[in-house]
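Below is one structure, written out as C-alpha cells, with a few remarks after it.
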Amino acid sequence: MKSMLSLLMMTIMVLTLPLFTGANSHSEKIGVSDTVTHVEAISGVVYSQPEIYGYASVPLEMDILEPQKEEASPAVLFVPGGGFMSANNEKSVQQRMEIAEEGYVVASMEYRITPQSTFPDPLKDVKSAIRFLRANAEKFNIDPERIAVMGSSAGGYLSAFAGVTNGVDEFDTGEHLNESSDVQAVIDLYGLSDLTKVGDGKPEEAASLHDSASAPEGMWVNGPAVFGPGGSIHDNPELADEANPISYVSETDTPFLFLHGDSDELVLPSQTEILHEALLSQGADSTRYLIEGAGHGGMEWVQPEVIDILTDFLDEKLKY
C-alpha cells in the first residue's frame, strides 16, 4: 500500500511538472532598464563609544545605505531630530533612500541626547561620525573629499553646527583624529539656530514653556540641576551663546541649504531665517526655501518637489 501511494504521488508530479517548469507557460517575458541604482543597507555600524552618565563606554551606531557602484560615491551623513531628547537613526528612510538612489552613500547616525548628556557632546558625536566615514571610506566606497551633512529639527541644528565649525578643533575628540571633520555642504531642514529665541513669535502660553528649566533647550545646555548648573536657556547666557550655530558664522562657511515649512508651529521658520541671513551677511553661500503648507515633518517632506531640491543641491555641491 505504501509503495503504491508513493508511485501515485510520483505519477502526479510527473504529470504536473510542465506547469511549474514553464513548458506550456503563458507568462510574458519583460526587459528591465538600469536607471535605478541598486542600494544595499548596512545596519548597526558602531562609529564611536563615548562616555555617558554612569557608563564609561556606550556604542553609538549608524545605518548606511550604499549604492552598488564601481566608482567611489560622495556621502551624506543624516542627523535625525528628536527635540534633543531622542536620536532615532531609523527616521526619514524615504528621504535617505531617494538620495542613495541618486548615487550617494547615506549614513544615518544616533548621538548623545539630553538629559543624559549636554552640549557640546552631541556635536562631538557628529564630528566623530564624519571622521569615521573618512577613516572607512574605502570600506564603504566613499569619496572622502565629498561629504555633506543633513538633518531635520534638532538634527538640522547639529548639521548647521557642523558646517559653521569647519576647522574648529575644540569639537574633535575621540577616535580617527587624523581625519578631518569638515563637510563640503550642509542641508538644514527646519532646524534651530538660536536657542534663546525658540519661543519668540509663539503665543504667550507656548512661549512661556521655553522659559522653564525642563525645556529641552535648557537641559541641552545646562543639564538637569542634579548633574549640571541647571536652569532655563536664559539663565546662562554665555553657555547659551556657545551652543548657538549663529555664534560661529563666517565668510568661509561651507555652502548651506535651508528648508522650512511655512506652517511649522514647533520650530518657527524664523529660526532658519536668522542663520540664513547671518550667512549671507558674511558673504557665505546660502539658499533657503519655504515649503508651502508644510509643518514640522510630515508628508510634504517626501514629495518629489522637495526631494528634487535636496538632490539638485547635493549634485551641484558634491558631484564636481
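The values are calculated or read from the model by the stated rules, or taken from the named source; none is laboratory data. Quick caveat: nothing in here was measured; it's all calculated off a predicted structure. Glycine also receives a Cβ, built like all others from the backbone with ideal geometry; neighbour counts cover every protein chain displayed.
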- Task: Of the conditions (1) surrounded by 14 or more Cβ atoms within 10 Å (Cβ to Cβ); (2) out of contact with any Ser or Thr (no Cβ under 7 Å at 6 or more places or on another chain); (3) free of Cβ contacts under 8 Å to residues at least 60 places away in the same chain, His276 clears all except one; give me its number.
- Result: (2)
- Task: Find all pairs meeting these conditions: Cβ atoms under 8 angstrom apart; at least six residues apart or on different chains; first residue within region 40-52 and under 13 Å from Ala107 (Cβ atoms) and outside the structural domain of Phe227 (by TED's automatic domain parsing); second residue among the small types (Gly, Ala, Ser) and surrounded by 15 or more Cβ atoms within 10 Å (Cβ to Cβ).
- Result: Val45/Ala107; Tyr47/Ser128; Tyr47/Ala129; Ser48/Ser128; Ser48/Ala129; Ser48/Gly174
- Query: Picking from Ser33, Ser27, which residue would you name as being assigned to a loop (DSSP other than H, G, I, E, B), modelled with pLDDT of 90 or more and exposed (fewer than 10 other Cβ atoms within 10 Å of the Cβ)?
  - Reply: Ser27
- Taking the options Glu71, Glu61, name whichever one is surrounded by fewer than 22 Cβ atoms within 10 Å (Cβ to Cβ) and assigned to a strand (DSSP E or B). Glu61
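Table: residues versus (1) under 21 Å from the mean Cα position of the chain (by Cα); (2) under 24 Å from Leu239 (Cβ atoms).
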site: Asn141; (1), (2): yes, no
site: Glu170; (1), (2): no, yes
site: Asn178; (1), (2): no, no
site: Gly199; (1), (2): no, yes
site: Leu209; (1), (2): no, yes
- Residues satisfying the stated conditions in region 138-165, i.e. surrounded by fewer than 19 Cβ atoms within 10 Å (Cβ to Cβ) and either part of a loop (DSSP other than H, G, I, E, B) or not assigned by TED's automatic domain parsing to the domain that holds Asp63 (or both): Glu138, Lys139, Phe140, Asn141
- Item | Any pair with Cβ under 7 angstrom, 6 or more apart, that starts in region 166-181 at a residue that is closer than 16 Å to Leu77 by Cα and assigned by TED's automatic domain parsing to the domain that holds Arg134 and ends at one that is in a loop (DSSP other than H, G, I, E, B) and of a type in the set (S, T, N, Q) | Asn166/Thr254
- Item | All helices (runs of 4 or more DSSP H) inside region 237-320 with 1 or more residues being over 21 Å from the mean Cα position of the chain (by Cα) | 237-242, 270-281
